[in-house]
Amino acid sequence: MAPRTVDITALSSLESLTDDQRTLAKEARSLANSFESDYWLEREKTKAYPMEFFQRFADQGWLGMMMPEDVGGGGLGLVEASVMLYEIAASGASMSGCSTLHFSIFPPAPIIRHGSPEMRATYLPRIATGDLRMCFALTEPTAGTDTSRIRTRAERRGDRWVVNGQKVWTSNAQNSARMLLLARTSPRDDAKPLDGMTLFFTDLDRDHCILREIEKLGRYGMDSNELFIDNLEIGDEDVVGEVGKGFSYLLDGLNPERIVTSFEAIGSGRAALALAAAYANERVVFDKPIGANQAIAHPLARAWAHLDAAELVALRAARLYDSGMPCGREANTAKFLAAEAAFQAADAALQAHGGYGYAREYHIERMWRDIRLFKLAPLSQELALNYLSNKVLGLPK
């Protein structure tokens, strides 16, 4: 009897989803698969923003899926967003494709929850339709993950805020008209280091904002930039929530971003495994397919097992979040496991291809480079372990 095979890129938990969620997964898969791997290879070569891909999803209403219905959104949850981004990753688009939509879904979260009624009504419908693209300016070269030490400052001058400073790793800025910007509006207090920072949603005014694109290892479909801000004037209407509480608003998005990134990693890892399994079945050396050799088969099988385990934790985390339950433990566990498993899968897939794995036309090296980023973003593996050791195991900082 021939061994039972599975669709390698399908969600293992598909049958545990609701009928509507399975329909969503099917539609997202069909749309993502309409952009073949050669499309992403071409984006690699030209480093061009995947506008056709972005617009196709925007036209069909996918960008606003987690936004409230009163601003033109779909009113759906994190499970649905995770499923959509999983299917994009599993199509072979990897992180280049996921990030194109990711930055339209999660950066607006503080605006949804804390923006003024005018801000929500003016901008969220445009973000949901893809008419307005935005970026997120948070990280700074001298602060890194210690956000309390950012140096970008917004000073009150009359009825305006004047901002000066520098940001780094600001993604999607080349294609954005507005940015969500975190700046200090009062000096750092050692007793309350995370107070005194304010969020602004404001124009990315090229007369006062200089962008310098960063040459990087992968994810060529999405630009990353240094951002230099010189006397940028911002009105009170662009303040998100209350002055001085900006960092607390960012906390709302940490767990969901870690969860959905886990699904992106798992989908990317499975896409790499699918290519490797097909190649290992077709490539014949010494009169037999190379997949018959355990040196090829076992690393791929091990990666599959780890991806399956990561998916279970990630889905639990997403369901907890949608139910309003605490999910920090599950979110950080899922992110850690998914990043490890995805890179293990990509590395095993590249090795299975031998020398051809190094050739661009086989797509594995592109996935390998994209997938490596999951170990660094949206937080490093070390920070995920810090959370688990401190918050779960109760170990000292």
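The values are calculated or read from the model by the stated rules, or taken from the named source; none is laboratory data. The shown structure was predicted, so the numbers you read here are calculated from the model rather than taken from an experiment. Note: ideal-geometry Cβ built from the backbone for every residue, glycine included; neighbour counts use all protein chains shown.
Working only within segment 256-295, note down all residues that are in contact with a Ser or Thr (Cβ under 7 Å, 6 or more places away or on another chain) and of a type in the set (Phe, Trp, Tyr).
Residue satisfying the conditions is PHE263 alone.
Could you list all residues from segment 14-55 that are part of a loop (DSSP other than H, G, I, E, B), surrounded by 16 or more Cβ atoms within 10 Å (Cβ to Cβ) and not hydrophobic (A, V, I, L, M, F, W, C)?
Matches in segment 14-55: TYR49, PRO50.
Checking PHE228 against (1) farther than 30 Å from SER186 by Cβ; (2) surrounded by fewer than 23 Cβ atoms within 10 Å (Cβ to Cβ), which single condition isn't satisfied?
Condition (1) is where PHE228 drops out.
Regarding segment 359-375, can at least one residue be identified that is touching a His at 6+ places or on another chain (Cβ under 6 Å), among the β-branched types (Val, Ile, Thr) and assigned by TED's automatic domain parsing to the domain that holds ALA303?
Yes - at least one qualifying residue is present in segment 359-375.
Return the residues of segment 166-183 that are of a type in the set (Ser, Thr, Tyr) and not in a strand (DSSP E or B); say none if nothing qualifies.
SER176 - this is the single residue of segment 166-183 that is of a type in the set (Ser, Thr, Tyr) and not in a strand (DSSP E or B).
Kindly check whether there is at least one residue in segment 248-267 that is among the small types (Gly, Ala, Ser), part of a helix (DSSP H, G or I) and farther than 30 Å from LEU181 by Cβ. Show your work before the answer.
Filtering segment 248-267 for residues among the small types (Gly, Ala, Ser) gives 248, 253, 262, 265, 267.
Remaining after also requiring part of a helix (DSSP H, G or I): 248, 253, 262, 265, 267.
In the following step, the residues that additionally are farther than 30 Å from LEU181 by Cβ were identified as 267.
Scanning segment 248-267, I find at least one residue that is among the small types (Gly, Ala, Ser), part of a helix (DSSP H, G or I) and farther than 30 Å from LEU181 by Cβ, so the answer is yes.
Checking ILE259 against (1) in contact with a strand residue (DSSP E or B) (Cβ under 9 Å, 6 or more places away or on another chain); (2) not assigned by TED's automatic domain parsing to the domain that holds ILE150, which single condition isn't satisfied?
Answer for ILE259: the failing condition is (1).
Do you know which residues across segment 52-85 are basic (Lys, Arg) and under 26 Å from SER16 (Cβ atoms)?
Matches in segment 52-85: none.
In segment 355-386, how many residues are under 19 Å from ILE290 (Cβ atoms), in contact (Cβ under 8 Å) with a residue 40 or more places away in the chain and among the small types (Gly, Ala, Ser)?
0
Taking the stated definitions as given, is GLY75 outside the structural domain of ALA342 (by TED's automatic domain parsing), farther than 24 Å from ALA173 by Cα and not in a helix (DSSP H, G or I)?
Here the answer is yes, as GLY75 does meet what is asked.
When the residues of segment 181-198 are filtered to those that are touching a helix residue (DSSP H, G or I) at 6+ places or on another chain (Cβ under 7 Å) and under 28 Å from THR122 (Cβ atoms), which remaining residue is surrounded by the fewest Cβ atoms within 10 Å (Cβ to Cβ)?
THR198
Going residue by residue through segment 329-339, is there one that turns out to be surrounded by fewer than 19 Cβ atoms within 10 Å (Cβ to Cβ) and out of contact with any strand residue (DSSP E or B) (no Cβ under 6 Å at 6 or more places or on another chain)? Reasoning before the result, please.
Step one: filter segment 329-339 for residues surrounded by fewer than 19 Cβ atoms within 10 Å (Cβ to Cβ), giving 329.
Okay, now just the ones that are also out of contact with any strand residue (DSSP E or B) (no Cβ under 6 Å at 6 or more places or on another chain), so 329.
Yes, that holds for at least one residue.
Just give me the residues in segment 1-51 being among the hydroxyl-bearing types (Ser, Thr, Tyr), under 12 Å from ILE88 (Cα atoms) and touching a residue at least 12 places away in the same chain (Cβ under 8 Å), in sequence order.
Answer for segment 1-51, where residues must be among the hydroxyl-bearing types (Ser, Thr, Tyr), under 12 Å from ILE88 (Cα atoms) and touching a residue at least 12 places away in the same chain (Cβ under 8 Å): THR9, SER34, SER37.
For segment 102-143, give me each residue that is surrounded by fewer than 20 Cβ atoms within 10 Å (Cβ to Cβ), without any contact (Cβ under 8 Å) to a residue 60 or more places away in the chain and closer than 18 Å to VAL260 by Cβ.
ILE112
How many residues does segment 201-247 hold that are small (Gly, Ala, Ser) and in a strand (DSSP E or B)?
The total comes to 2.
How many residues are over 22 Å from GLU330 (Cβ atoms) and surrounded by fewer than 18 Cβ atoms within 10 Å (Cβ to Cβ) if we restrict to segment 362-397?
Number of matching residues: 1.
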